[in-house]
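Visitor: Below you'll find the structure I mean.
The values are calculated or read from the model by the stated rules, or taken from the named source; none is laboratory data. Keep in mind it's a predicted model, so treat the numbers as computed, not measured. Neighbour counts are summed over all protein chains in view; Cβ atoms, including those assigned to glycine, are modelled from backbone coordinates with ideal geometry.
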Amino acid sequence: MNIKHMAVSIISILMAFSLTACASNNAEVYISSVEVSISDLTSGLQTIEEAKEVEDIVLMAEGEEDDTASTESIETESQETKFVDIANAKVGDYVLFGSFEQDNDDKNGQEDLQWLVLDEDDEKILLLSRYVIAKKAYNDTDKAVSWEKCTLRQWLNEEFVSSTFDEKEAEQIITSVLENKGSAAYFSDFKKKAGTSADKKTKDKVFLLSYDEVVQYFEPTKVENLYIYADKDLITTATAASEIENKSLSEKEYEDFYKEEGWPQDCVGVSGSGWFLRSRGINTDDVMSVGYDGAVRGLYLEYGADYESVAFEGGVRPAIWVRK
């Protein structure tokens, strides 16, 4: 029996015994039977490599992503990218600044952090992390909270800064005064009155983009019927270390729903992850986000379900202003 046939047999066993377990409601019988069957099938494997290949195929069938997939994708993009010195960077360029664990392999140290240049103003530039680099809750407890008070802001400006930038780099980061509008501004863009009001201004070295900043810098397509914006350029990959599964909008999903709503077709098939914005969402305990499908929403959307809670752990894509 070759490796692929063996993997298919294992998958068939998992499916068959899953149905048996549901029917008999006997979890112990199910588990022991599966263990014996898989053991019998894999006993003929000669090498660790063969066993790993079978494991990978089975995990894919179960819907679990291999951590190496996003790492390899990022490595390929990195090799094809021309990075520019910050002193000479222009809007649209990529730069390296600081380091952060991304490939989920602590043994090789932290990887250079890649940034997209979004804006330039005299002797400073606005950088946005190229990838979703962490999985965090907007706030540790599920309650109405502003950007000023949320725990994610504290983590970004304390632990993230100290672990990512050396002393010279930290001094190069500018403390920014941020406007923090509520989602009333978001809905007013569609002439619909709803949502939350503005919060206090904050001073931050590291922050998340706001709804207004996303619209300003990415100029996404307006999807009128759904009161949202969407754009391919908003879709980005989550690193392996973030432990967030990347997903893409399928052709079937697009044809069944998205197409008739006026969704940009180039969002189809682009693998990515959702990421938080700092703006308040539809309700006081929501936070706005960009979805894996490239949409700017008034709450965090992941895998087809609405997580209307600031305590939900979502993707983090930091932004900073730095001196050239």
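Visitor: Taking the stretch 234-273, which residues are in a helix (DSSP H, G or I), within 21 Å of G92 (Cα to Cα) and in contact (Cβ under 8 Å) with a residue 60 or more places away in the chain? Write out each step before concluding.
Guide: Filtering the stretch 234-273 down to residues in a helix (DSSP H, G or I) leaves 234, 240-242, 251-261, 265-267.
When the remaining residues are screened for being within 21 Å of G92 (Cα to Cα), the result is 234, 266-267.
If the condition is that a residue be in a helix (DSSP H, G or I), within 21 Å of G92 (Cα to Cα) and in contact (Cβ under 8 Å) with a residue 60 or more places away in the chain, then L234 is the only one that fits.
Visitor: Hey, any hits in the stretch 164-182 for a residue that's closer than 27 Å to Y229 by Cβ, in contact (Cβ under 8 Å) with a residue 60 or more places away in the chain, out of contact with any Lys or Arg (no Cβ under 9 Å at 6 or more places or on another chain) and not acidic (D, E)? Give the derivation first.
Guide: Of the stretch 164-182, the ones closer than 27 Å to Y229 by Cβ are 176-182.
Checking which are in contact (Cβ under 8 Å) with a residue 60 or more places away in the chain leaves us with 176, 178, 180-182.
Keeping just the survivors that are out of contact with any Lys or Arg (no Cβ under 9 Å at 6 or more places or on another chain) gives none.
No, the stretch 164-182 contains no residue that is closer than 27 Å to Y229 by Cβ, in contact (Cβ under 8 Å) with a residue 60 or more places away in the chain, out of contact with any Lys or Arg (no Cβ under 9 Å at 6 or more places or on another chain) and not acidic (D, E).
Visitor: Considering only residues that are modelled with pLDDT under 95 and at positive phi, which ones fall in the stretch 105-132?
Guide: Across the stretch 105-132, the qualifying residue is only D122.
Visitor: Please find, among A144, A137, the residue that is within 22 Å of the chain's Cα centre (by Cα) and among the small types (G, A, S). First the steps, then the outcome.
Guide: Values: A144 fails: within 22 Å of the chain's Cα centre (by Cα).
Every option except A137 fails the conditions.
Visitor: State yes or no: is A144 closer than 27 Å to D293 by Cα, touching a residue at least 12 places away in the same chain (Cβ under 8 Å), of a type in the set (G, A, S) and surrounded by fewer than 16 Cβ atoms within 10 Å (Cβ to Cβ)?
Guide: Working: closer than 27 Å to D293 by Cα: yes; touching a residue at least 12 places away in the same chain (Cβ under 8 Å): yes; of a type in the set (G, A, S): yes; surrounded by fewer than 16 Cβ atoms within 10 Å (Cβ to Cβ): yes.
Here the answer is yes, as A144 does meet what is asked.
Visitor: Scan D233, D285, D293 and give me the residue that is crowded, with 20+ Cβ neighbours inside 10 Å and of a type in the set (D, E, K, R). Spell out how you get there, then give the answer.
Guide: Values: D233 fails: crowded, with 20+ Cβ neighbours inside 10 Å; D285 fails: crowded, with 20+ Cβ neighbours inside 10 Å.
Selected residue: D293, the only one of D233, D285, D293 that is crowded, with 20+ Cβ neighbours inside 10 Å and of a type in the set (D, E, K, R).
Residue-wise test of (1) modelled with pLDDT of 95 or more; (2) within 21 Å of D212 (Cβ to Cβ).
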| site | (1), (2) |
| --- | --- |
| C267 | yes, no |
| F276 | no, yes |
| R280 | no, yes |
| G291 | no, yes |
| V296 | no, yes |
| L301 | no, yes |
| D306 | no, no |
| S309 | no, no |
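Visitor: Quick one: which residue in F207, F257, F276, F218 is aromatic (F, W, Y) and surrounded by fewer than 18 Cβ atoms within 10 Å (Cβ to Cβ)? Quick ask: steps written out before the conclusion?
Guide: Working: F207 fails: surrounded by fewer than 18 Cβ atoms within 10 Å (Cβ to Cβ); F276 fails: surrounded by fewer than 18 Cβ atoms within 10 Å (Cβ to Cβ); F218 fails: surrounded by fewer than 18 Cβ atoms within 10 Å (Cβ to Cβ).
After ruling out the rest, the residue left standing is F257.
Visitor: Any residue in the stretch 95-102 that is crowded, with 17+ Cβ neighbours inside 10 Å, of a type in the set (S, T, Y) and either modelled with pLDDT of 95 or more or within 24 Å of I244 (Cβ to Cβ) (or both)?
Guide: Among the residues of the stretch 95-102, not one is crowded, with 17+ Cβ neighbours inside 10 Å, of a type in the set (S, T, Y) and either modelled with pLDDT of 95 or more or within 24 Å of I244 (Cβ to Cβ) (or both), which makes the answer no.
Visitor: Further question: Run down E169, E213 and say which single residue is part of a helix (DSSP H, G or I), among the acidic types (D, E), crowded, with 21+ Cβ neighbours inside 10 Å and in the same structural domain as I125 (by TED's automatic domain parsing). If you could, list the steps in order and put the result at the bottom.
Guide: Values: E169 fails: crowded, with 21+ Cβ neighbours inside 10 Å.
Only one candidate passes the filter, namely E213.
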